[in-house]
Amino acid sequence: MQEVYGTHWVNTKNTAVAMGYFDGIHIGHQFLIEQMTEYATKNNLDKAVFTFTKTVKLGHKGKDILSVYQKVNIMKDMGIDLFYSPDFLEFASLTPQQFVDDVLIKSMGAKAVFCGESFCFGKNRAGNVQVLRELCSTRNVEVFIVPTVELDGVTVSSTEIRTALENGDIEKANSMLGRTYAIDFEVVHGKKLGRTLGTPTINQIFPNSMCTPKEGVYITVTEVNGERYPSATGFGNRPTVNGNSLSCETTLAGFSGDLYKKNIKVEFYKYLYATQKFENVQQLKDMIQSALKKSCDFADSNNTL
């Protein structure tokens, strides 16, 4: 898969393009991309995705569900040929016509474009699907508007997924994502309290740009060098040890080693209970061991390893 992060690049191949921010790449996004992929295959076009990188806060976009690294890897797995993701500021001032001419046609080589019903583009979001149809009709570019996807009567959206995560409803978030919600942040040094408890942990910090799950303890699975380990993850401010900042701390069953400065994938499966302040450190240790046992039992019964 070729990755392009600037609008001045010029493609030498013709493409079918799926357009959107694709935060989460949930089952609705997957359906849109699958429609594009099917068309591209039938018409001998490269499979392309237009998305963008946020370096400024956008009022119409919430915090990210996926890191850029995760988004790229998922697109690779979906068989995308061209991942086109310029900085939002590179094209934000373009008129709808300029966006179609300069970005989609000149730079990306678009012969067909696919988007959702609420897709907007151009300066101040002046362009909508009707404007897109009108512009593309005179430029020999086909336009396909893909309907939204519903799950249990609810429209699947990044907003619904963020709300589910904030409520600790991991099962709903995972159903809408079509895979397990996961983080892949770098492991950083913590207070090393876990070692004194006999339960060494890895510590990861959510970037400000990323949405966060509900504070509490979770059943998780952690992947290290291709191996998967049952784990228990606590997200919160560590009240028992007088913590005052949010931290994501994961204890792995059956693993020992130094993961400092490595990007480690942690998958979330189930919310267990809220963060609480224990009377002493031993009670905290007992809670961690109990959560880890629940995670091991869950992994055995659900084949998550």
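Here is how the numbers come out for the structure above:
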item: Residue among Thr53, Thr12, Thr41 that is at pLDDT below 95 and either of a type outside the set (Lys, Arg) or in contact with a helix residue (DSSP H, G or I) (Cβ under 7 Å, 6 or more places away or on another chain) (or both); result: Thr53
item: Counted residues, the range 253-305 - those being closer than 17 Å to Val224 by Cα and polar (S, T, N, Q); result: 4
item: Residue within the range 281-300 that is assigned by TED's automatic domain parsing to the domain that holds Phe185 and in a loop (DSSP other than H, G, I, E, B) present; result: no
item: Residue pairs meeting the criteria (Cβ under 9 Å; at least 6 apart or on separate chains; first farther than 16 Å from Ile202 by Cβ and assigned by TED's automatic domain parsing to the domain that holds Tyr273, in the range 229-244; second acidic (Asp, Glu) and at pLDDT 50 or above); result: Asn237/Glu215; Thr240/Glu279
item: Boolean, Pro200 is at pLDDT below 95 and out of contact with any Pro (no Cβ under 8 Å at 6 or more places or on another chain); result: yes
item: Flag for Lys71 being surrounded by 15 or more Cβ atoms within 10 Å (Cβ to Cβ) and either closer than 25 Å to Ser209 by Cα or touching a Ser or Thr at 6+ places or on another chain (Cβ under 7 Å) (or both); result: yes
item: Flag for Thr41 being free of Cβ contacts under 8 Å to residues at least 24 places away in the same chain and either closer than 22 Å to Ala112 by Cβ or touching an Asp or Glu at 6+ places or on another chain (Cβ under 8 Å) (or both); result: yes
item: Selection count where residues are within 12 Å of Ile80 (Cβ to Cβ) and either part of a helix (DSSP H, G or I) or β-branched (Val, Ile, Thr) (or both), scope the range 31-53; result: 7
item: Any strands (runs of 3 or more DSSP E) falling wholly within the range 54-166 and containing at least 2 residues that are closer than 24 Å to Gln2 by Cβ and of a type in the set (Gly, Ala, Ser); result: 110-116
item: Qualifying positions in the range 248-305 - closer than 23 Å to Val187 by Cβ and free of Cβ contacts under 8 Å to residues at least 12 places away in the same chain; result: Asp258
item: Filter result for Ile264 (at pLDDT 90 or above and aliphatic (A, V, I, L, M)); result: yes
item: Residue within the range 28-39 that is among the small types (Gly, Ala, Ser), within 26 Å of Pro207 (Cβ to Cβ) and out of contact with any Ser or Thr (no Cβ under 9 Å at 6 or more places or on another chain) present; result: no
item: Single condition Lys123 does not satisfy, out of (1) of a type in the set (D, E, K, R); (2) surrounded by fewer than 15 Cβ atoms within 10 Å (Cβ to Cβ); (3) modelled with pLDDT of 95 or more; result: (3)
item: Qualifying positions in the range 174-183 - buried (at least 17 other Cβ atoms within 10 Å of the Cβ) and under 18 Å from Gly234 (Cα atoms); result: Tyr181, Ala182, Ile183
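The values are calculated or read from the model by the stated rules, or taken from the named source; none is laboratory data. On a predicted model such as this, the values are computed, not experimentally measured, just so you know. Counting neighbours? That spans all protein chains shown, and the Cβs are built from the backbone with ideal geometry, glycine included.
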